[in-house]
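Input: a single structure, listed below in structure tokens.
Quick note: the coordinates plus some simple rules give every number you see, no bench work behind them. Model, not experiment: these values are computed from the prediction. Neighbour counts are summed over all protein chains in view; Cβ atoms, including those assigned to glycine, are modelled from backbone coordinates with ideal geometry.
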Amino acid sequence: MTTTTVSTMATDFQTQAARLPRHLLSAADLDRNAAIEVLDTAERLDQAIAGREVRKLPTLRGRTVVNLFFEDSTRTRISFEVAAKRLSADVINFSAKGSSVSKGESLKDTALTLQAMGADAVVCRHSASGAPHRLAGWVSGSVVNAGDGTHEHPTQALLDAFTLRRHLIGPDRSAGAGLDGRHVVIVGDVLHSRVARSNVLLLSTLGASVTLVAPPTLLPVGVEAWPCQVSYDLDSALAGADAVMMLRVQRERMDGAFFPTVREYTRGYGLDLRRRALIAPDGIVMHPGPMNRGVEIAPAVADGDGSVITEQVANGVTVRMAVLYLLLSGGAGVAGDGRVGQVEQGGAA
Amino acid sequence: MSADVSVTETSGHLGPERAVLIRGGAPYGEDRADLLLAGGAILAVGADASGHPDAGDAEVIDADGLVVLPGLVDLHTHLREPGGEDAETVATGSAAAALGGYTAVFAMPNTEPTADTAGVVEQVYRLGREVGLVDVQPIGAVTVGRRGTQLAELAAMATSAAAVRVFSDDGDCVADPLLMRRALEYVKAFDGVIAQHAQEPRLTLHAQMHEGAVSGRLGLAGWPAVAEEAIVARDCLLADHVGSRLHVCHLSTAGSAELVAAAKARGTAVTAEVTPHHLLLADENAASYDPVFKVNPPLRTDTDVTALRSALAAGTIDAVATDHAPHARQDKECEWAAARPGMLGLQTALSVVVEAMVTTGLLDWRGVARVMSENPARIGGLAGHGRPIAAGEPANLVLVDADARWTVRAAELVSLSRNTPFEGRELPARVVTTFLRGRPTVRDGAPAGHHVLAGVTA
């Protein structure tokens, strides 16, 4: 498979891609096969592009991808932009800073505008949970959730799973593999984290066991029903873990009585060198960024052995290429099984 | 405003004052009995009606097989006028009420300006009279601007032409315990009642939906049950302490029902209402992120729904009140967090109650009359409504086809807004005819009089 050309890849994918829903709104939209398909596709795209002088594939030529960002996120927007451009799609960056309400134009009117412009895919980042779900009911193209409020960020989970698989399974043996039996610890503000929600869903789908660690104030009511373990004790949770993922502590949480002081938070839930040593010898350290160095993660850990934080960023481009590829050229983006899309359209009628 | 004008002009077109003989209807779904209506009252019942000398000239309405109930009374309606006429007006809201079988509605004061003075409540009262489809009884705000800091002139509203007896800051809680105590005490002077929107504000910062498994999954900020229950408990204790009447608006949790039951058992003068949507819908609906399911208090769990039904059947909850909350389209066709909370209710309430309570065997039609007419009229101190179906009583009545089934279509509702959570849902029972003081406001399920809604539905 490593020498497969782009044109035969396309044929392969067309039969397999029917498993992908029309939109990628939640990590729960992906069953195990679909998730592995995205990761395998990312590996193959990475290999296909690595051997090229011009780091570009013609796959999405003539297709339009709109990056619709209602919330500042330079990293995620650029990642999607690079991914789309490497697939030769036309990219439009539509930055609607602030909420639709404060901007004056409603989300629906924005959606209808994009629809009129013929967007094949809309990559949506929004401060309101569920905004991409709403959008999916109003546009005919595929919608990719690039982070909605405190809900989900499914492509972040995919890039994390991709990174985990490369390190814990190995790139040579990862094709078709899940993360069965691997133990991932996610630490921090789970309550407000879209990264945590998507990762719990996706990593458990892939067979990993996930432990969430946070002070009780930063865990949502109902977390006991999630497919994961929950702990308040970081030291014991880290013992022998294959990976630890540190979540960013938002500045506003520090003022919201979720914990007494930053110092106390760091003492209980920060990853320093001593705690770093508790995970498995070949375990890895992850962070979705941007980091608060010295708060949730010590600089020596962030920059030290087993830290894959910058690699996560690189893998983000690869995985997003795979997502756009599968949604837009797999046939799923045009008709697909419409699993999510039909529900949304019915609701919006 | 054109809507007002056309309705105002046609309120006289509802038909001349003429006796009406209702044939074959079954009061309370029990034995059939003819009813003769004249002069705004029930003149005679049963054999006395058909044999009455006035029955000869009477217009005969065939009610064969229909259930006859006292006209419904809604303790909790948002008519939006003044200030929110893009969502609803007194005219359109009154029409929706009549079509839903109502003969009286209590209009909540969260208008613009707030109904916190005699002037505004009299305006709403007058608009209701001009429309003439239902009796519109204004509710006055407890505090100035509903800001929760200073009591509004409650006595002025009580002694105004609107004769306000129910006071509420609905939409917001009278959270300050001292202010709540004073309000409860003060309205004793004119047998008023404070209708509390029970929501501890600090526990519901940025709240979007019921706090539980679903909110955690959806990443929507939680509105915990305890935020309602803490206020219900506190207010019951306050009402005890000062010997006043408390009414709990839109009670939504199993825990609140337990608190009210306990308070009633020890003699507290507390009453409570539940909305139709809390009797039928649960928080899982939010998974669509469609804000048509966003409401305050939020949809709770299936366990709460079951408990609320039981509490209504047992009399712990006294009344069903719609919390009819029309919203303009742009306030619902948006992100969940940006949407305004609230649902249409007037035209679906009776059917929802039948679905949740009658078909399940929890209430009979006597019970429906009690929770949708008699108790709300009594709680709100509204004379002439919620009266027995008997000779000499006001002729406020509704004829219901209990066997009919219909499918809710927002576009077919007469409200200016479209935010029904029951779109596409098939429901039992249909209002056929509504009488307000002997005059039909609704005939054959449609507004009576050809011009009543001209300009309203356009």
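Of note:
- Index of the failed condition, residue B:346 passing every other in (1) within 18 Å of residue B:278 (Cβ to Cβ); (2) of a type in the set (A, V, I, L, M); (3) without any contact (Cβ under 8 Å) to a residue 12 or more places away in the chain: (3)
- Meets criteria (within 14 Å of chain B (Cβ to nearest Cβ), surrounded by fewer than 19 Cβ atoms within 10 Å (Cβ to Cβ) and not in a loop (DSSP other than H, G, I, E, B)) for residue A:224: yes
- Residues that are within 14 Å of another protein chain (Cβ to nearest Cβ) and of a type outside the set (Lys, Arg), drawn from the stretch A:107-125: A:107, A:109, A:110, A:111, A:112, A:124
- Qualifying residue in the stretch B:133-156 (condition: β-branched (Val, Ile, Thr) and surrounded by fewer than 18 Cβ atoms within 10 Å (Cβ to Cβ)): yes
This table checks each residue for (1) more than 14 Å from chain A (Cβ to nearest Cβ); (2) part of a helix (DSSP H, G or I).
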| residue | (1), (2) |
| --- | --- |
| B:229 | yes, yes |
| B:236 | yes, yes |
| B:258 | yes, yes |
| B:264 | yes, yes |
| B:271 | yes, no |
| B:284 | no, yes |
| B:298 | no, no |
| B:304 | yes, yes |
| B:311 | yes, yes |
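- Out of B:259, B:299, B:279, sole residue that is surrounded by 24 or more Cβ atoms within 10 Å (Cβ to Cβ), in contact (Cβ under 8 Å) with a residue 12 or more places away in the chain and more than 30 Å from residue A:148 (Cα to Cα): B:259
- The stretch B:376-432: number of residues that are closer than 30 Å to residue B:36 by Cβ and free of Cβ contacts under 8 Å to residues at least 12 places away in the same chain: 2
- Among the residues of the stretch B:202-216, those identified as part of a helix (DSSP H, G or I) and either free of Cβ contacts under 8 Å to residues at least 12 places away in the same chain or more than 10 Å from chain A (Cβ to nearest Cβ) (or both) are B:202, B:203, B:204, B:213, B:216.
- Condition met for residue B:434 (more than 30 Å from residue B:193 (Cα to Cα) and of a type outside the set (A, V, I, L, M, F, W, C)): no
- Which numbered condition residue A:211 fails, given (1) more than 13 Å from every other protein chain (Cβ to nearest Cβ); (2) buried (at least 23 other Cβ atoms within 10 Å of the Cβ); (3) part of a strand (DSSP E or B): (2)
- Cβ-Cβ under 7 Å pairs, at least 6 apart or on other chains, the stretch B:27-43 side over 13 Å from residue B:66 (Cβ atoms), far side of a type in the set (Phe, Trp, Tyr) and assigned to a strand (DSSP E or B): B:37/B:435
- Residue B:420 being over 26 Å from residue B:313 (Cα atoms) and polar (S, T, N, Q): no
- Screening the stretch A:107-185 for helices (runs of 4 or more DSSP H) wholly inside it with 2 or more residues that are surrounded by fewer than 24 Cβ atoms within 10 Å (Cβ to Cβ) returns the ranges A:107-117, A:154-168.
- Neighbours by Cβ (under 6 Å, 6+ apart or cross-chain): first from the stretch A:126-152, within 11 Å of another protein chain (Cβ to nearest Cβ); second part of a helix (DSSP H, G or I) and among the hydroxyl-bearing types (Ser, Thr, Tyr): A:152/A:198
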